[in-house]
Amino acid sequence: MNQNDKEHDKASRLIIKSFRLTLDGENFVVPIAAGETLLQAALAAGIDAPHSCTQGRCGTCMSWLRNGGVLMSATRALSKRNIENGYVLACQSRPSSNDPIWLDFDL
Amino acid sequence: MRIGTIESIWRYPVKGMRGEEIPHVYTAYTGLMGDRIYGVVAADGDPGHPWHTGRDQEEFVLYKACYNASEDLLLPSNLDATYSEWAPGIDPLYPDADAFKVNVETPEGAIYDDIENPEFIEDLEKITGRSLRIHASQRGIFDARPVSLISLSATAKLGEELGMHIDKRRFRANFYIEWDRSIQDDPFYELSLVGKTLKIGAWLEVSIVERDPRCTMITLDPDTAVATPKLLQHLGRKHDGDAGVFAAVLQRGRVNKGDPIFLK
């Protein structure tokens with residue numbers, strides 16, 4: 001990692017808010033930095049959040065957005081029904097509102 | 001060294017629809033004869049993966065696609081001649097395009113005698129709200145590689161880990177394998193074969209080229225289309241997202257159910 005990357009990494013970890021995450025029946029409060037996806041934040045917090053491709057293709061990180069708003073860069077792994085049910089791809093989701101976010105992996 | 005047996009052979013006339021078990025099949029460099037000849041292209045699909053599948057419409061996996069002339073699409077009619085008269089074997093003659101006509105039965109019981117009948121696409125468009133068209137290619141329409149394999153020990157072990165029965169058909173493989181447990185006892189043995197060459201039956205040779213990274217298709221029950229996301233979540237958390245392997249064909253040939261598998 002060069003100096004620029006270090007600076008970027010440091011900046012990217014400036015925590016702006018936190019969100020609630022449910023996994024295996026446990027609830028976590030996850031700090032999230034500016035520009036991070038919900039998945040990146042969860043992994044940075046040491047949570048074993050399901051994921052694989054991290055490109056929005058496989059759907060492994062599909063989860064239920066029980067509250068709050070996110071903006072997804074890609075939704076190609078989600079069916080129409082998934083979207084109607086409020087499912088999101090954690091690897092593609094960034095907070096888009098000030099509403100508290102609750103992400104539930106226990107589908 | 002013999003390491004296993006072909007438990008069953010499957011092909012999927014239409015990409016994303018239900019597959020059919022077949023007793024034997026000719027496998028070419030382009031995969032199994034009759035495998036994934038048709039696909040449904042969505043105008044609003046991902047440019048890199050425009051196919052309409054169960055990823056978009058869960059019930060798509062319940063559509064039954066069958067060749068009108070299924071028996072004619074197992075082995076090329078001149079296969080024996082291409083083996084015996086030309087070493088090391090030349091490309092046999094495939095049936096004409098008409099022989100590949102496919103009929104489709106929807107989960108609701110509607111039957112279309114030809115998938116290329118405009119009525120089929122029109123009705124599917126009404127159901128899905130998408131602009132769709134049929135694409136056909138005798139060379140097969142694969143996401144990644146022409147042949148896929150997974151063992152019954154792997155699917156059983158995943159089921160054991162998750163505490164649920166896992167129907168092998170979720171994995172939509174061409175060859176389901178039973179590994180010889182007297183040789184090794186790793187239920188996911190196929191994952192260790194990447195880079196190795198296998199001989200299957202008397203003729204076919206394949207190179208195992210990579211693990212199969214899975215997507216939401218495996219979450220869909222092949223009989224109900226009900227999704228079980230925890231299967232894919234488990235695979236991502238405990239198995240790097242992979243189940244089964246892809247193969248490239250090195251030597252073409254006929255494969256039969258029950259054929260032995262040798263590690264070269």
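For segment B:164-186 and segment B:44-95, what is the centre-to-centre distance using only Cα atoms, to the nearest Å?
23 Å
Under 8 Å for C-alpha pairs, at least 6 residues apart: give me the relative contact order for segment B:103-204, rounded to a whole percent.
19 percent
Whole-Hz ³J(HN,Hα) for each residue in segment B:146-153, computed from phi via Karplus 6.51 cos²θ - 1.76 cosθ + 1.60 with θ = phi - 60°, x for glycine and proline: what do you get?
x, 9, 10, 9, 8, 8, 5, 5
Using θ = phi - 60° and the Karplus form 6.51 cos²θ - 1.76 cosθ + 1.60, what ³J(HN,Hα) does each residue of segment B:222-232 get, whole Hz, x for Gly and Pro?
Once θ is set to phi - 60°, the couplings for segment B:222-232 become x, 9, 10, 6, 5, 8, 10, x, 5, 5, 5 Hz.
Between B:LEU149, B:TYR189, B:LEU162, whose Cα lies farthest towards the positive end of the dipole of segment B:139-264 when Lys and Arg beta carbons carry +1 and Asp and Glu beta carbons carry -1, centred on the Cα centre?
After comparing all options, I get B:LEU149.
How large is the helix-only mean residue ellipticity at 222 nm for chain B, computed as the sum of -39500 (n - 2.57) over DSSP H runs with n ≥ 4, divided by its residue count, in deg cm²/dmol to the nearest 500?
The helix contribution divided over chain B gives -4000 deg cm²/dmol.
Taking only C-alpha pairs under 8 Å that are 6+ residues apart, what is the relative contact order of chain B in percent?
That works out to 28 percent.
Among B:ALA42, B:GLY16, B:GLY31, flag the residue with its Cα farthest along the positive direction of the charge dipole of segment B:1-143, charges on Cβ as +1 for Lys/Arg and -1 for Asp/Glu.
Value computed over the given set: B:GLY31.
Taking the Cα centre of the protein assembly as shown as origin and charging only Cβ (+1 Lys, Arg; -1 Asp, Glu), how large is the dipole, in debye to the nearest 20?
Dipole about the Cα centre, nearest 20: 1080 debye.
Say we join alpha carbon atoms closer than 10 Å with springs in a Gaussian network model of chain B; which of B:GLY39, B:GLY31, B:GLY195 then has the biggest fluctuation?
B:GLY195
Once you charge only the Cβ atoms, +1 for Lys and Arg and -1 for Asp and Glu, what is the size of the charge dipole of segment B:3-121 about its Cα centre, to the nearest 20 debye?
The dipole magnitude comes to about 320 debye.
Take every Cα-Cα distance within segment B:160-264, group them into 10 Å bins from 0 onward, and report for each bin the whole-number percent of pairs it holds.
13, 42, 32, 13, 0
With the Cα gyration tensor of the protein assembly as shown giving a ≥ b ≥ c as the square roots of its eigenvalues, does the rule (a/c under 1.5 for rounded; else a/b larger than b/c for prolate; else oblate) give rounded, prolate or oblate?
Prolate.
Toward the positive end of the charge dipole of the protein assembly as shown, about the Cα centre and with charges on Cβ (Lys, Arg +1; Asp, Glu -1), which of A:SER63, A:GLY46, B:ILE6 goes farthest?
The residue sitting farthest along the positive end of the dipole is A:GLY46.
Report, in whole Å, the centroid distance computed from the Cα atoms of segment A:61-96 and segment B:200-264.
28 Å
From the square roots a ≥ b ≥ c of the eigenvalues of the alpha-carbon gyration tensor of chain B, which class results: rounded (a/c under 1.5), prolate (a/b over b/c), or oblate?
Oblate shape, in that a/c is at least 1.5 and b/c is the bigger or equal ratio.
Quantify how strongly other chains surround peptide B:108-119 by giving the mean number of their Cβ atoms within 10 Å of each of its Cβ atoms.
What the average comes to for B:108-119 is 0.
Let's see if you can work this out: charge +1 on each Lys and Arg Cβ, -1 on each Asp and Glu Cβ, no other charges. What is the dipole magnitude of segment B:69-186 about its Cα centre, in debye to the nearest 20?
540 debye
Mind scanning B:LYS196/B:LYS230; A:LYS80/B:LYS126; B:LYS64/B:LYS199; B:LYS101/B:LYS168 and naming the pairs with a C-alpha gap bigger than 24 Å?
Beyond 24 Å: B:LYS196/B:LYS230; B:LYS64/B:LYS199; B:LYS101/B:LYS168.
Values quoted throughout were computed directly from the atomic coordinates according to the rules given, and no laboratory measurement underlies them. Bear in mind the structure is a predicted one, so any value in this text is a computation, not a measurement. Note that we place each Cβ from the backbone using ideal geometry, even for glycine, and neighbour counts take in every protein chain shown.
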